[in-house]
Structures are given as C-alpha cells and as structure tokens.
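Encoded as structure tokens, the structure appears first; notes follow it.
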Amino acid sequence: MAARSIASLTVSFGLVSIPVKLYSATEASRAISFNMLHKACGSRLKQQYICVKEEVVVPREETVKGYEFTKDQYVMFTPEELKALEETGTHTAEITEFVPLKSVDPVYFDKAYYLGPDKGGAKPYALLARALRETGRCAIGRWAARGKQYIVMIRPVEDLVEGLVMQQLLYAGEVRALRDVDIPKTDVKPAELKLAQQLIEQQASDKFDPAQYTDDVRTRIEAAIQKKVEGQEITSTEAPAETGAQVIDLMEALRASLEKKPAKKVQSEKPAARKAAKK
C-alpha cells in the first residue's frame, strides 16, 4: 500500500526551492498498549486530577498550566499566553549548511521522516539527493512545526531508488557528554586487540539488514493476548537464576568465542546453593 503524506513543505537553500511531501518513517501504531481497567468489573478507568491542597477532584475546565520556578511555587499561564509563546509553524525547511554525513553523531538523531518530491519538484529533488550522496554530505537546517523549532538533517538514502530522509536532531543541551560517564583509562594488550579484531571479522556483515531482527517480545505478548481472548490462562515461565559467574581470563574468553566454545567461568564468592540430590 502506498504511503500517505502527512504534510507538504519546501526545502530551500540559496535560491533553490524544492517542493516536497512529508511521510512518517516509523509506525507508532504498531506499539502494543494496555488500558487501565477496574479490576472488579473490567470497565475502563478515566483519569482525574486531584488538588493536593484541598483533596478534591478538579474538572478539566478548571485546570490551568503553570511553571514551577522554585519549590512548590508556580506561575500560571493562560492558553492565550501559551499560544503566543509557540513558534509559528512554517512550511519551509531552510538549509543553513552542508556538513560531512559522518560528522553527525547518531546520538543526536530523533524522529525521522521520508521526503518525496511534490508537484514540480522531481528534478531538483533528484539533483539534491545525488549531490549529497556523491559528496558524502548532509544538509543541516531549521524547521518549525507544532509550535516548536527543530534542527533537521536531510540525508540521502538508497533503497532501489535514491531518496531523502529528514531527521530531526536533538539540541546540544539535550545530549549528555560522554566525558560525564566514569570510564577508567585501561591499557589494551596487542594480543587481546588482535583476537578481538578477529572475532569482529568473524561476525562481520557487509551491511545492516533490519529484516534479520524480529521483536520476539511483541510476538510473545500478542500470543498471550490471543490466549486471553480465547479464555485460556497464561502460565509464567521463570527465567534461569543468575549464578553471578564471571569470566576471569579475557584472552581465554576471546579464544573460546573464536572457536565457538563457551569460555571457562568461575563462580562468584557467593555461589547459588545447589539443590539436594533426589534419592
């Protein structure tokens, strides 16, 4: 089934304008969600807001939004004031620079959209996609929508046809620095590095194929839901208890991995108690 566009916009850089259509690249509807029910009768529950001071239920029409500027101190905003603070939506993604694609760390990636050429945009669309792919660069710009302003990256993709993906990016203040993580400096021995590289090469693939990976948890949940619909009971399967085993020899573990044999392990200081043998 052909994808349906969710919006139209213009990608602009310099004096060039490319009319494009926006398509969602992901399917949020595939997520499995559960509703809150009344255990006694199975009816749906509705959310209520309770005033923590007066301990009374507050109707939605009597609620306002506020910002906590200090502990338990708020300033209130009317819907009109909040609307005035929103960024005015535009139908243009304005490119400000072109950077090497590899220079954008995927940690900044947020929501992705496919771009398709709109009426009259096929030629400049194809030109931009080809130019980006052959130069190894992507376009960085700004896009305003839903009351917010986004940094976006437009990058080339190839899946039978050459196309473009517009990737929303996180702002610098929304991404933590790796240096904030406690990573001790550790020496790596040449022999260990060589074995690790051999293990990587042994399991290397030419490209990532997402079709090889399936959501086993989703499949299990769907099967359990169907059983419930049919009136069956679900029996839980306990996972094997962890013994706290530790690999004591890195070289041995690497060699065993290359040979596809389990590495020898040693029990932790508090091993799990063994079950008594049956007579």
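The values are calculated or read from the model by the stated rules, or taken from the named source; none is laboratory data. What you see is a predicted model, and the numbers here were worked out from it, not measured in a lab. With ideal geometry, Cβ positions are generated from the backbone for all residues, glycine too; neighbour counts draw on all protein chains shown. Ligands, DNA and RNA are stripped out before the accessible areas are found, and what is left, the full protein with its side chains, is counted by its heavy atoms. Shrake-Rupley method; radii C 1.70, N 1.55, O 1.52, S 1.80 Å.
With a requirement of 1 or more residues that are among the charged types (D, E, K, R) and under 28 Å from the mean Cα position of the chain (by Cα), the strands (runs of 3 or more DSSP E) lying completely within segment 1-105 that satisfy it span 16-24, 92-100.
For first residues located in segment 187-204 and touching a residue at least 40 places away in the same chain (Cβ under 8 Å), partners that are of a type in the set (S, T, N, Q) and assigned to a helix (DSSP H, G or I) and lie 6+ apart or on another chain with Cβ distances below 8 Å form the pairs 199/257. Summed over segment 23-38, residues that are without any contact (Cβ under 8 Å) to a residue 24 or more places away in the chain and open to solvent by less than 100 Å² (accessible area, probe 1.4 Å) total 6.
In segment 225-232 there is at least one residue that is in a loop (DSSP other than H, G, I, E, B), free of Cβ contacts under 8 Å to residues at least 24 places away in the same chain and open to solvent by less than 90 Å² (accessible area, probe 1.4 Å). Screening segment 79-104 for residues that are under 13 Å from residue 138 (Cβ atoms) and without any contact (Cβ under 8 Å) to a residue 40 or more places away in the chain and picking the one that is least open to solvent (accessible area, probe 1.4 Å) gives 100.
Residues are listed down the side, and each one gets a yes or a no for (1) in contact with a strand residue (DSSP E or B) (Cβ under 6 Å, 6 or more places away or on another chain); (2) open to solvent by 60 Å² or more (accessible area, probe 1.4 Å); (3) in contact (Cβ under 8 Å) with a residue 12 or more places away in the chain:
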residue	(1), (2), (3)
112	yes, no, yes
124	yes, no, yes
134	no, yes, no
140	yes, no, yes
145	no, no, yes
153	yes, no, yes
158	no, yes, yes
169	yes, no, yes
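Inspect all residues belonging to segment 35-54 and state whether any of them is of a type in the set (Lys, Arg) and closer than 30 Å to residue 142 by Cα. Scanning segment 35-54 turns up no residue that is of a type in the set (Lys, Arg) and closer than 30 Å to residue 142 by Cα. One residue stands out in segment 51-68 among those that are open to solvent by 100 Å² or more (accessible area, probe 1.4 Å) and in contact with a strand residue (DSSP E or B) (Cβ under 6 Å, 6 or more places away or on another chain): the one that is nearest to residue 34 (Cα to Cα), namely 65. If only one of 107, 20 is open to solvent by less than 80 Å² (accessible area, probe 1.4 Å), closer than 30 Å to residue 153 by Cβ and in contact with a Ser or Thr (Cβ under 8 Å, 6 or more places away or on another chain), which one is it? Going through 107, 20 in turn, just one is open to solvent by less than 80 Å² (accessible area, probe 1.4 Å), closer than 30 Å to residue 153 by Cβ and in contact with a Ser or Thr (Cβ under 8 Å, 6 or more places away or on another chain): 20.
Of the numbered criteria (1) modelled with pLDDT of 90 or more; (2) assigned to a loop (DSSP other than H, G, I, E, B); (3) of a type in the set (Val, Ile, Thr), the one residue 214 fails is (1).
Out of 242, 233, 238, one residue alone is modelled with pLDDT under 85, acidic (Asp, Glu) and in contact with a helix residue (DSSP H, G or I) (Cβ under 9 Å, 6 or more places away or on another chain). It is 233. For residue 41, the stated conditions hold: it is open to solvent by 80 Å² or more (accessible area, probe 1.4 Å) and of a type outside the set (S, T, N, Q). Checking 257, 268 one by one, the residue that is farther than 30 Å from residue 33 by Cβ, surrounded by 12 or more Cβ atoms within 10 Å (Cβ to Cβ) and at pLDDT 80 or above is 257 and no other.
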